1. Measuring from label point to label point, each 7 Å out along Cα→Cβ, what is the residue B:22 to residue B:71 span in nm?
2. Rank the residues A:68, A:37 as a footprinting-exposure proxy: fewest other Cβ atoms within 10 Å of their Cβ go first.
3. Between residue A:58 and residue B:13, how high is the FRET efficiency from 1/(1 + (r/R0)^6) when r is the Cβ-Cβ distance and R₀ = 41 Å? Nearest 0.05.
4. Would you order A:53, A:48, B:53 from fewest to most other beta-carbon atoms within 10 Å of each residue's own beta-carbon?
5. I need to check one value: relative contact order of the range A:45-110, counting alpha carbon pairs closer than 8 Å and at least 6 residues apart, in percent.
6. Taking the Cβ of each residue in B:103, A:33 as the centre, tally the other Cβ atoms inside 10 Å and list the residues starting with the fewest.
7. Under a plain spin-label model, where a point goes 7 Å from the Cα along Cα-to-Cβ, how far apart in nm are residue B:63 and residue A:51?
8. Considering only C-alpha atoms, what is the centroid distance from the range B:59-87 to the range A:86-110, in Å?
């Protein structure tokens, strides 16, 4: 059973608008959450993270929101840019062990 | 600064042939090391992780094995490749202890024919 779920395999967003990527998890013991971005034929790169003691973390155009009661986190990208087109992996960690979701492919439309 | 290297970048191998993928990390000591596989539509699957030389933990039963002969070297191997071993293999490292961020290498695209 998947502990980290990204239910949208793909998402298309107009350039300049907000991109919202969603992630759900089942394990209430997860204490740290991360988002990675991956271009084709490259390794994922770390984007932003959030500790379970927070509900929001912002870094430039990227904001991650955590709703512990709903076991849900989301990544907001605003404004969306062409270079944001990539696969985004949500990941959750318990005691340092990281579990990844299957990823969401984001297409930024011109 | 820390860097992680993987080679080869791409590999085409026949079924039944052996495999050896190498990963090395520079600029840090005693890192945790990981091997992941990204197969089509299946996200990132953790295959092995290591917290020290000679210490290997396997996450899923499979046709592959891993070894860590040196502190910053992690090797993924197989004696006989299967068609299902095709995929994109990623090595990653993290600091030990409670640090959570993992940093990935460029990956190896393996095609088994």
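Please treat every number below as a calculation from the coordinates, not as lab data. Remember, it's a predicted structure, so these values are computed and weren't measured experimentally. Neighbour counts are summed over all protein chains in view; Cβ atoms, including those assigned to glycine, are modelled from backbone coordinates with ideal geometry.
1. 1.9 nm
2. On the way: A:68 14, A:37 21.
Final ranking by Cβ density, sparse to dense: A:68, A:37.
3. Details: r = 45 Å, r/R0 = 1.10.
The computed FRET efficiency comes out at 0.35.
4. With the fewest neighbours first, A:53, A:48, B:53 line up as A:53, B:53, A:48.
5. Details: 88 pairs, mean separation 13.8, N = 66.
Reported as a whole number, the value is 21 percent.
6. Numbers: B:103 20, A:33 25.
So the ranking, lowest neighbour count to highest, is B:103, A:33.
7. 4.5 nm
8. Here the answer is 24 Å between Cα centres.
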